[in-house]
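Below: one structure, written as structure tokens.
The values are calculated or read from the model by the stated rules, or taken from the named source; none is laboratory data. In this text, all values refer to a predicted model and were calculated from it rather than measured experimentally. Every residue, glycine among them, receives a Cβ derived from its backbone with ideal geometry; neighbour counts consider all protein chains shown. We work out accessible area using only protein heavy atoms, side chains counted, and drop any ligands, DNA or RNA first. Shrake-Rupley method; radii C 1.70, N 1.55, O 1.52, S 1.80 Å.
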Amino acid sequence: MLCPAVSFAGDPDCSQEGPFTPFETIDGDNPVTMQNGRVIELRASNVSKCAWGRISSGTPGEEIWTDRKDPSANEHEGFLGYTRIDSGTAKYTEAFKNDGKIMRACGSSQGMIECTGWF
């Protein structure tokens, strides 16, 4: 997958301290299990007010990223923290500020893209 200009490095002051999986999402579920068994999940921290994506049950080469937007906007920032599984079966993106914004995680596997709901 080719991606536009993206931010690979997370936001300063973000940590993955006290992680949880938000379940109260807008317009979708979290986590999402793809037809091939890959799991796309948005993780968040109330401590740092940041969120990140995770893909699990995957294979090397599969991709994960997060999108972020203002709740009242139609457009969003995409491909934040874009990364691929390089070995093993899981990969996390960097963490990005979600304070005042909503975010979702998206993943790509075998030519299919799935995203969680917005949180």
Task: Residue satisfying all of: in the stretch 61-73; among the small types (Gly, Ala, Ser) and modelled with pLDDT under 95; most open to solvent (accessible area, probe 1.4 Å) among these - done: Ser72
Open item on the list: If the requirement is being over 14 Å from Gly10 (Cα atoms) and without any contact (Cβ under 8 Å) to a residue 24 or more places away in the chain, which of these qualifies: Asn46, Asn36, Asn30, Asn74?
Closed with: Asn74
Open item on the list: Which residue is least open to solvent (accessible area, probe 1.4 Å), if the candidates are limited to the stretch 77-112 and must be in contact (Cβ under 8 Å) with a residue 40 or more places away in the chain and among the β-branched types (Val, Ile, Thr)?
Closed with: Thr93
Open item on the list: For the stretch 33-45, check the following and say yes or no: at least one residue is open to solvent by 10 Å² or more (accessible area, probe 1.4 Å), farther than 21 Å from Asp86 by Cβ, out of contact with any Lys or Arg (no Cβ under 8 Å at 6 or more places or on another chain) and not aromatic (Phe, Trp, Tyr).
Closed with: yes
Open item on the list: Suppose the filter is over 14 Å from Gly117 (Cα atoms), of a type in the set (D, E, K, R) and not in a strand (DSSP E or B); does Glu17 pass it?
Closed with: yes
TODO: Identify the residue in the stretch 46-60 that is of a type in the set (Ser, Thr, Tyr) and over 13 Å from the mean Cα position of the chain (by Cα) and, among all such residues, is surrounded by the most Cβ atoms within 10 Å (Cβ to Cβ).
DONE: Ser48
